[in-house]
Amino acid sequence: MIDVFNIPSQQQTFTFYATGNWQTWNKPRNAKMIEIFCLGGGGGGGQNNLSNPTGACGGGSGGIVRGMIPAFLLPDTIYILIGKGGIGTSVVGTGATADISYIGLQPSISEQTLICKSSTTGGGGGFTNSPGAGATASNVVVSAFGNLGLFTAVAGVAAASASVNGTPGNSLTALTSNIVTGGASGAGRNPSITGVSGGSILQSSVILTSRVNGGQLGSLDGDSGYGVLQPFCGTGGAGGASVTTGIGGKGGNGWYGCGGGAAGGGTILTKAGDGGDGLVIITVIS
């Protein structure tokens, strides 16, 4: 068969996960175009004061950068640092902010050597009464070697808002504005009710076949988020249930790039969900 239009016919995909260290990628021979998917980590969930009836909030999601670069413009080796997700707090307070993911010509986060980074700020940790902020969109033109290709930056998604006065945790719906989500909020403690349910991540598509449930009874944990790599999409963690006396439910952990769920209220502290780590997917067209 004659390739009249010189259409690329082969692809290789390389997926990189968070290790806490710089990783290297070597350009295959005969590569023509390089596609990049760069996702940052999600923020950790928060936890409220034991006497506070307001439900704590989950963490925000990481940002995304997608791009395509002609392979001949890149060196044989590039360096990748995957952002870790923020840790959900186990004390009263805010979950940890997530790390940003970086791709560059050297193992450095200097804009002068970067091809791209997933966002300008990482996915925010959930507060005691305010949702973790989604990562702010990357300014792709600032990364010097990002000008070698065409890039699109997508901001992260904020977590669900706080519930009030001992009411159930607030939920989020997947795939409404992004392929990742923040975390759901935990239930606030109500001394006159045995248990209040945590917030869930609601189904919006047949791609995600079931909801991620918040803790449904007193002290039950929220489910961890989940997702799929093809087509890429995932969810944050659900919120923990509250309890009148005792340990509130834990928040669920977020999937890749998604926020952790908040802890449920109680008279004994528990743990909020961790944000999901970022990842990088590189596809080579040859």
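Quick notes on this structure:
Conditions tested, residue by residue: (1) within 16 Å of Gly251 (Cβ to Cβ); (2) in a loop (DSSP other than H, G, I, E, B).
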| site | (1), (2) |
| --- | --- |
| Asn129 | yes, yes |
| Thr152 | no, no |
| Ala162 | yes, yes |
| Gly166 | no, yes |
| Ala187 | yes, yes |
| Gly199 | yes, yes |
| Leu208 | no, yes |
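- Boolean, Ile109 is more than 18 Å from the chain's Cα centre (by Cα), farther than 30 Å from Asn49 by Cα and in a strand (DSSP E or B): no
- The set of residues in segment 59-93 being surrounded by fewer than 24 Cβ atoms within 10 Å (Cβ to Cβ), β-branched (Val, Ile, Thr) and more than 15 Å from the chain's Cα centre (by Cα) consists of Ile69, Thr77, Ile78, Ile80, Val91, Val92.
- Segment 146-162 - residue that is over 16 Å from Cys57 (Cα atoms) and among the β-branched types (Val, Ile, Thr) and, of those, surrounded by the fewest Cβ atoms within 10 Å (Cβ to Cβ): Thr152
- The set of residues in segment 214-230 that are in a loop (DSSP other than H, G, I, E, B), touching a residue at least 24 places away in the same chain (Cβ under 8 Å) and either closer than 22 Å to Gly123 by Cα or polar (S, T, N, Q) (or both) comprises Gly214, Gln216, Ser219, Gly222, Asp223, Ser224, Gly225, Tyr226.
- Residue within segment 117-134 that is under 24 Å from Asn26 (Cβ atoms) and either buried (at least 24 other Cβ atoms within 10 Å of the Cβ) or touching a strand residue (DSSP E or B) at 6+ places or on another chain (Cβ under 6 Å) (or both) present: yes
- In segment 137-149, the residues that are over 12 Å from Glu111 (Cβ atoms) reach residues that are polar (S, T, N, Q) and not in a helix (DSSP H, G or I) with C-beta atoms within less than 7 angstrom, at least six apart or across chains, in these pairs: Ala137/Ser119; Ala137/Thr120.
- Subset of segment 252-270 [part of a loop (DSSP other than H, G, I, E, B) and surrounded by fewer than 24 Cβ atoms within 10 Å (Cβ to Cβ)]: Thr267, Leu269, Thr270
- Scan of segment 184-201 for residues that are aliphatic (A, V, I, L, M) and farther than 18 Å from Gly276 by Cα, ordered by number: Ala187, Ile193, Val196
- Unique residue being touching a residue at least 40 places away in the same chain (Cβ under 8 Å), within 18 Å of Thr54 (Cα to Cα), of a type in the set (A, V, I, L, M) and in contact with a Pro (Cβ under 9 Å, 6 or more places away or on another chain) when the list is Ala272, Ala187: Ala187
- Identity of the residue in segment 231-251, in a loop (DSSP other than H, G, I, E, B) and surrounded by fewer than 22 Cβ atoms within 10 Å (Cβ to Cβ), that ends up nearest to the chain's Cα centre (by Cα): Pro231
- Filtered residues of segment 92-110 (kept if among the hydrophobic types (A, V, I, L, M, F, W, C) and over 19 Å from Ser138 (Cα atoms)): Val92, Ala96
Since every read-out is calculated from the coordinates, none of them should be taken as a lab result. Predicted, not measured: the structure shown is a model, and the values here were computed from it. Note that each Cβ is placed from the backbone with ideal geometry, even for glycine, and that neighbours are counted across all protein chains shown.
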